[in-house]
Amino acid sequence: MDEGREYNWPKPEDDLIHSWDDVDEDHIPKHAEEDPTNPSYYKSESGLESMDFVEAFIAPLSGYEAFFTGNILKYMVRWHSKNGVEDLKKARWYLDRLISNIENQDEKGE
């Protein structure tokens, strides 16, 4: 390696393929050829689009409540089909943040 040059090699946990369930019979990641604006992990087997679901539940909310709630729902919808525990942790991060903001608001009497 060149002296003074830093290399950032990918870590195994950065890999999007976590199990054989994530690849097809040709060893190609299942989501590799999907439409990036409408991937299958945002759609139920019955065809329900998660965006429709999320929009319906955040409609009465505004600001950070809508943003955090939308992200919580997004990660909860896709965790099993995309990033597993990583997505669950992201949902938890947004949920903790939402709870903290609401508790702070309540303490201030807003």
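Just so you know, all these numbers are worked out from the coordinates, no wet-lab data involved. Just so it is clear, the structure is predicted and the values come from calculations on it, not from any experiment. Neighbour counts are summed over all protein chains in view; Cβ atoms, including those assigned to glycine, are modelled from backbone coordinates with ideal geometry.
Data for the structure
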quantity	calculated
Pick from segment 84-96, criterion within 22 Å of D52 (Cβ to Cβ) and in contact (Cβ under 8 Å) with a residue 24 or more places away in the chain, ranking: farthest from the chain's Cα centre (by Cα)	L95
Residue in segment 40-53 that is of a type in the set (K, R) and in contact (Cβ under 8 Å) with a residue 12 or more places away in the chain present	no
Matching residues, segment 33-48, being within 15 Å of the chain's Cα centre (by Cα) and either basic (K, R) or surrounded by 10 or more Cβ atoms within 10 Å (Cβ to Cβ) (or both)	N38, P39, S40, Y41, Y42, K43
Residue within segment 68-91 that is touching a helix residue (DSSP H, G or I) at 6+ places or on another chain (Cβ under 8 Å) and over 21 Å from P39 (Cα atoms) present	yes
Odd one out for I102, checked against (1) under 14 Å from the mean Cα position of the chain (by Cα); (2) surrounded by 13 or more Cβ atoms within 10 Å (Cβ to Cβ); (3) among the aliphatic types (A, V, I, L, M)	(1)
